[in-house]
Each structure stands twice: as structure tokens, then as C-alpha cells.
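What follows is a short report on a single structure.
The values are calculated or read from the model by the stated rules, or taken from the named source; none is laboratory data. Computed from a predicted model, the values in this text were never measured in an experiment. For neighbour counting, all protein chains shown are included, and Cβ atoms are generated from backbone atoms with ideal geometry for every residue, glycine included.
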Amino acid sequence: QSKPQARVDGSTGVTFSDVAGIEIAVEELQELVKYLKNPELFDKMGIKPPHGVLLEGPPGCGKTLVAKAIAGEAGVPFYQMAGSEFVEVLVGVGSARIRDLFKRAKVNRPSVIFIDEIDALATRRQGIFSDKTDDLYNAATQERETTLNQLLIELDGFDTGKGVIFLGATNRKDLLDPALLRPGRFDRKIRIRPPNAKGRLEILQVHARKVKLSESVDLSVFAQNLPGWSGARLAQLLQEAALVAVRNKHDSILQSDVGEAVDRLTVGPKRVALDLG
Ligand code: ATP
């Protein structure tokens, strides 16, 4: 049996316009979109498509968003699973799920497969029965290695799966088994960094489209004063600000509402003193 199955999204509805503040080569992503839109053309021209693309970076900075945007721009199905969903002690379950995932994606190609937290299933192999004597530990390690081997087999057989792009995301690239990083597996790596002040402003502007913000709000004040905030946290900030505005009986979100939302999302000594002007 091979449950849970990948969550399939016919069309993610996400485009590159939803992604902000990430200084990565957009052309590189566009190339993947072009490939998904017309895999036959690449094939005819003898261009080898990428096997896998690794999105690497801290939590909440847009790895899943970028993956969804690639599928959304190309208008192809998006098969999403988390690495932890392949980790089972029962023999063969993880590898069956991998086979199933790739099979479904190939049937509906062109398509995108996305495995979030890929480190959960693809940690460096240690060789089983090493110095541990715990049977359960050994069984779990063996099972995980079987699953990883199945993933490597699927990636190596990708020439027969034309039109499928495999994306993996991690915030712990150092934990990944080196075999996965060899050419022909993850042959491209895209580093997604936490946003700088300009990036934070762009992210706030993207999310401001979804809420009712008063024209007087100056988002750059918040972008400047919230170093270290991820895209996910900035998105949450505007949602929180909308709730605060409703509570304060304002027709639209005011600068003070956003300030209050910052306070609510900031705990303890890290409280940020903002000059709200
Ligand atoms: P994790 O490693 O925790 O899975 P992630 O890097 O995959 O995190 P996402 O799931 O893509 O992060 O981000 C969560 C949400 O935060 C997104 O759905 C989006 O609303 C917002 N967000 C994050 N980064 C960005 C960004 N660069 N531009 C716009 N929105 C962003």
C-alpha cells in the first residue's frame, strides 16, 4: 500500500509575479518553464533537460513558492510531497511511494514533482549495521536507504520520463547524501537567500495586494526595521495587520495597525521599536 499520495494541484495558480525579493536568475527559472511548455522542442534540438533542481535556503523564504510558480507559469500539474512522508519503518513503503509519485507525474507529463524537506529522506547514507546495535534503528536506516536508492533510480531513468521536472527543497544541504548532488541527479542548485531590506519591501508590496491598505501606509519603514524577517513572516504580518485594523474598526489598514501587528508577532526581548512617523 502506498498512502499518503502526493497532493496534486492541477494548476497552482502561482506565477513569478507572486514571488518577490529573491535575487535569483529569473532566466534560469524561465528556462525550466520553457522546457515544461514544450519538452519536444528541447528533445528535437538535442538539448538535455535538467534532471533535478535543488532549491536551498532558510525556512519561509519562498522555496515552495518558487516551485509552485514554475509549475503555474507553465500551466502543468504539480505533485507535492514532504520528505518525511517517505520515512516509514515498514519495509518497502517509502520506495513504493517514490515509484508511485514518479509514475503519476510521468503519466500526466509535462509536470513538476516537488519534494519539500528532502533531507528527511535523503540524508547521507551511513552503511547499515554500523556501530549501532539497536534493531529498530537499523531497520529504519535500511528502509530510508532503500527509499533514497529508489529516488536515485528514478532520477537516473529520467530520459524516459521526458517532460517531468523534479524539484527538491532543503534548508540542510549539508545533510544530503552526496550521490544526490552528482551530475545527472540534482544538476542545478538554486540558493534562495533571506530577503534584504529591498527584498522585504518587495515582498510586503506583493502581499499588500491581497489586503486593504490605506494609501498613507509607508511599508518601507517596516522593511527597513525588520531585519531577518522571512517572506512567510512578512506575509503573516499583513494578515495580522488586517485583523488588527478590523479590531480597531478602521476601514483600511493604517500605519499604526501594522505597527501593532509587528508588536503582536514579536515576542520578548526581540521587540522592535519602530519609528512610525
Ligand atoms: P519551508 O522551508 O519552511 O518549507 P519555504 O522556503 O518553502 O519554507 P514558502 O512555503 O515558499 O517557504 O513560503 C511560505 C509563504 O510565505 C508563501 O506562501 C508566501 O505567502 C510567503 N513568502 C515567502 N517567501 C516569499 C517571497 N519571496 N515572495 C513572496 N512571498 C513569500
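Out of R182, R191, report the one residue that is free of Cβ contacts under 8 Å to residues at least 24 places away in the same chain, within 30 Å of L121 (Cα to Cα), surrounded by fewer than 19 Cβ atoms within 10 Å (Cβ to Cβ) and under 23 Å from the mean Cα position of the chain (by Cα).
Working: R191 fails: free of Cβ contacts under 8 Å to residues at least 24 places away in the same chain.
Being free of Cβ contacts under 8 Å to residues at least 24 places away in the same chain, within 30 Å of L121 (Cα to Cα), surrounded by fewer than 19 Cβ atoms within 10 Å (Cβ to Cβ) and under 23 Å from the mean Cα position of the chain (by Cα) holds for just one of R182, R191, which is R182.
Inside segment 157-174, can you point out the residues that are outside any loop (DSSP other than H, G, I, E, B) and within 14 Å of the ligand (Cβ to nearest atom)? Let's see the steps before the verdict.
Within segment 157-174, the first condition is being outside any loop (DSSP other than H, G, I, E, B), and the residues that meet it are 157-161, 164-170, 173-174.
Those that are outside any loop (DSSP other than H, G, I, E, B) and within 14 Å of the ligand (Cβ to nearest atom): L167, G168, A169, T170, K173.
Within segment 42-68, track down each residue that is modelled with pLDDT under 90 and either within 11 Å of T170 (Cα to Cα) or basic (K, R) (or both). Explain how you work it out, then say what you get.
Here is the first cut: in segment 42-68, the ones modelled with pLDDT under 90 are 42-52.
Residues satisfying the conditions are K44, K48.
Checked against the criterion of being within 26 Å of K173 (Cβ to Cβ) and without any contact (Cβ under 8 Å) to a residue 60 or more places away in the chain, the candidates L238, L234 yield just one match: L234. When I253 is tested against (1) at pLDDT below 95; (2) more than 14 Å from the ligand (Cβ to nearest atom); (3) in contact with a helix residue (DSSP H, G or I) (Cβ under 6 Å, 6 or more places away or on another chain), exactly one condition is not met: (1). Out of the residues in segment 257-266 meeting the condition of being within 14 Å of G228 (Cβ to Cβ) and of a type in the set (A, V, I, L, M), tell me which one is modelled with the highest pLDDT. That would be V262.
Scanning segment 26-63 for residues that are more than 16 Å from the ligand (Cβ to nearest atom), in a loop (DSSP other than H, G, I, E, B) and touching a residue at least 40 places away in the same chain (Cβ under 8 Å) yields P49, P50, H51.
Outside any strand (DSSP E or B) and away from the ligand (no atom under 16 Å from the Cβ): which single residue out of V76, V66 fits that description?
Details: V66 fails: away from the ligand (no atom under 16 Å from the Cβ).
Exactly one residue qualifies, and that residue is V76.
Considered as a group, the residues in segment 185-230 that are assigned to a loop (DSSP other than H, G, I, E, B) and among the hydrophobic types (A, V, I, L, M, F, W, C) include one that is nearest to the ligand (Cβ to nearest atom), and that residue is I192. Every condition in (1) more than 20 Å from V244 (Cβ to Cβ); (2) touching a Gly at 6+ places or on another chain (Cβ under 8 Å) is met by D218 except one, and the failing one is (1).
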